[in-house]
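The values are calculated or read from the model by the stated rules, or taken from the named source; none is laboratory data. Source: prediction; values computed, not measured. Cβ atoms come from the backbone with ideal geometry, glycine included; neighbour counts cover every protein chain shown. The area values use the complete protein model at the heavy-atom level, side chains included, leaving out ligands, DNA and RNA. Shrake-Rupley method; radii C 1.70, N 1.55, O 1.52, S 1.80 Å.
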Amino acid sequence: MLRFIFLVAFAAGICVSAVAERGYVPPPVGTQVTWVTQTDQGSATRVSEVVATGPDFAIYLYDLGWDAEDATSFFAEFSGLHMASCAADMPDANERIKLRSFWPLEAGRSLQIGDEYDSTYIVGEAVQHAVSQSEGPKPARLVTAVVGKSRTDMMLSLEWNTPVALGWGDGSAVDAIEVFTPSISKSIDEDDRFALGNCANLLAGSAASTFVAPN
C-alpha cells in the first residue's frame with residue numbers, strides 16, 4: 001500500500017514538473033473564461049472567449065454579452081503575459097520573441113517590453129490554484145506586471161497558459177471562476193476577420209492560427 005502511494009505521488013510530481021517546464025501553448029480556440037470583477041462599486045460577471053490563436057498569442061472577445069462590432073471588443077494576449085487591445089498597436093516581432101522565450105516561467109526572471117508604457121514582468125513563486133472547487137487546485141505561477149505606474153499581480157495558470165486571477169493596489173480584483181474548453185471547433189466567414197482591427201495582422205502572419213465566430 002505504501003509503495004502504491006509513493007508511486008502515485010511520484011507520478012503526480014512528474015506531471016506538475018512537466019507542466020511547469022513546457023513552453024507556451026495558447027488555450028484552445030473556443031475556450032471560455034467566466035470572470036468576476038470586484039471593485040468598491042460592487043461585482044460584475046462577464047465571459048471572455050478565445051476566437052483566434054497563433055504560436056505565441058490568443059485573441060479574445062472581451063465579453064460575450066457585447067455585440068462585437070469593432071476592434072475595441074477584442075484583445076490579444078501574447079504568451080499569456082502581455083495584453084493589447086485590438087484597436088491598439090501590437091508588440092513588434094522582437095518583443096514577441098522575448099515574451100515567448102520567457103517560457104518556461106522561472107522564479108526571479110524579469111522581462112521588459114518597450115511599448116508606450118514600458119511594461120515589465122517579474123515571475124514569482126510556483127503555487128497551486130483552484131479556479132473551481134469541483135476541479136481542484138492546478139499548477140500556477142505568480143507574476144507581477146508593472147505597466148507604466150500601475151502594478152498588477154497576476155496568477156497565471158500553467159494548465160491554460162492564461163491569467164486566472166488579477167489584483168491591483170486599490171483592492172479591485174478579477175478572478176476566473178470557470179474555464180470551459182469545447183470539444184467541437186467552429187468556423188467563420190473570412191470577412192469577419194476585419195472586425196479584429198490590428199489583431200487581423202496577427203492572423204495574416206501566422207499559418208498556425210485559427211478563427212471562430214463568437215457566439
Check your understanding: When Lys and Arg each count +1 and Asp and Glu each count -1, what net charge do the other residues less than 13 Å away from residue 135, Cβ to Cβ, add up to?
Key -> -1
Check your understanding: Could you give the radius of gyration (one decimal) and Dmax (whole number) of the Cα atoms in region 115-178, in Å?
Key -> 12.5, 41
Exercise for review: Add +1 for every Lys or Arg and -1 for every Asp or Glu among the other residues with Cβ under 12 Å from the Cβ of residue 169, and state the total.
Suggested key: 0
Check your understanding: Distance in nm between label sites at residue 135 and residue 150, each 7 Å beyond Cα in the beta-carbon direction?
Key -> 2.5
Check your understanding: Of 113, 143, 127, whose Cα points farthest to the positive end of the dipole of region 107-155 (charges on the beta-carbon: +1 Lys, Arg; -1 Asp, Glu; origin at the Cα centre)?
Key -> 127
**Study point:** Surface per residue (accessible, 1.4 Å probe) for region 126-175, Å²
**Key:** 47
Check your understanding: Taking the alpha-carbon centroid of each part, what is the distance from region 35-69 to region 146-162 in angstrom?
Key -> 15
Revision key, fill the gap. Label model pair residue 177, residue 38: point-to-point distance (7 angstrom along the Cα→beta-carbon line) in nm is 1.1
**Study point:** 30 Å tail of the calculated P(r), region 40-197, as % of Cα pairs
**Key:** 15
Review point. Using a 1.4 Å probe, what is the accessible area per residue for region 23-123, in Å²?
Key: 45
**Study point:** Calculated P(r) of region 55-103 - Cα pairs past 13 Å, %
**Key:** 55
Check your understanding: Quick one: Kirkwood hydrodynamic radius for region 69-133, alpha-carbon pairs, angstrom, one decimal?
Key -> 13.5
Point to revise | Charge dipole (debye, nearest 20) of region 24-151; +1 at Cβ of Lys and Arg, -1 at Cβ of Asp and Glu | key: 560
Revision key, fill the gap. Checking region 93-133 for trypsin sites (Lys or Arg not before Pro) in a loop per DSSP with at most 16 other beta-carbon atoms within 10 Å yields 109
**Study point:** Sites residue 106 and residue 67 - FRET efficiency at Förster radius 35 Å, r taken between beta-carbons, to 0.05
**Key:** 0.25
